[in-house]
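**Student:** Would you mind keeping the following structure in view while I ask a few things?
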Amino acid sequence: MRSVSSLSSVALNSGESAVVVVRLSVPPAATIGTLETGTITATGQTSPATDRATDVTLVVAGDLDLTKSVNPPGDQLPGAELTYVTDYRNIGTDSLTAVVIVDPIPVFTEFKVGSMSTGTPPASITAITPEFSNDGGATWAYSPVSGGGGAPAGFDANVTNVRFVLSGELEPGGASAIGVSFAVRIVAE
């Protein structure tokens, strides 16, 4: 088990929760997806509490280059539609598997139903599956609907995050893939 001696502190009120991200320095020979066992200790007002996490998955990040753009660029008025495009490529020396590109929906926007596009992936990527969250990325089972969350027809205000799950291997040294994309509509603040 790898140990982390120090984490930053987060002050929480009673009943609140927080997501803790632990970053590990992993030797190059580590196996991607290795199950690790870890312990997170939370100190409360009355006594310390320990949560034993036995299913922590260690994900070893490769050299994935992501470039995000928006069209049209610059400031836009409410009602304008924006398309976000993320181009990706493997700039490392090893193939990457289990690549997932996650994007939050920007504040004061509504997701455009049916706007997710996978572009033209490299030949080594066998499928790209779009997924949606309506709870900040905690779960990925939401299906956008026209008018969701009180949005106008064609948009869903409930979508908080989108992600693209790439199947296959993203081989090294390739040119940038024609990006994955989605569209939103700006709403008034």
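**Student:** Looking at region 159-171, which of its residues are under 18 Å from ALA98 (Cα atoms) and either within 17 Å of the chain's Cα centre (by Cα) or exposed (fewer than 13 other Cβ atoms within 10 Å of the Cβ) (or both)?
**Tutor:** VAL162, ARG163, PHE164, VAL165, LEU166, SER167
**Student:** Considering only residues of region 122-158 that are charged (D, E, K, R) and farther than 15 Å from VAL100 by Cα, which is surrounded by the most Cβ atoms within 10 Å (Cβ to Cβ)?
**Tutor:** The extreme case among them is ASP156.
**Student:** Taking the criterion of being within 13 Å of the chain's Cα centre (by Cα) and under 16 Å from THR83 (Cα atoms), would at least one residue in region 126-140 satisfy it?
**Tutor:** yes
**Student:** Turning to a different aspect of this structure: Looking at (1) in contact with an Asp or Glu (Cβ under 8 Å, 6 or more places away or on another chain); (2) on the phi > 0 side of the Ramachandran plot; (3) not β-branched (Val, Ile, Thr), find the lone condition where GLY136 falls short.
**Tutor:** (1)
Computed from the coordinates by the stated procedures, all read-outs in this text should not be read as laboratory data. None of the values given here were measured: they were computed from a predicted structure. Cβ atoms come from the backbone with ideal geometry, glycine included; neighbour counts cover every protein chain shown.
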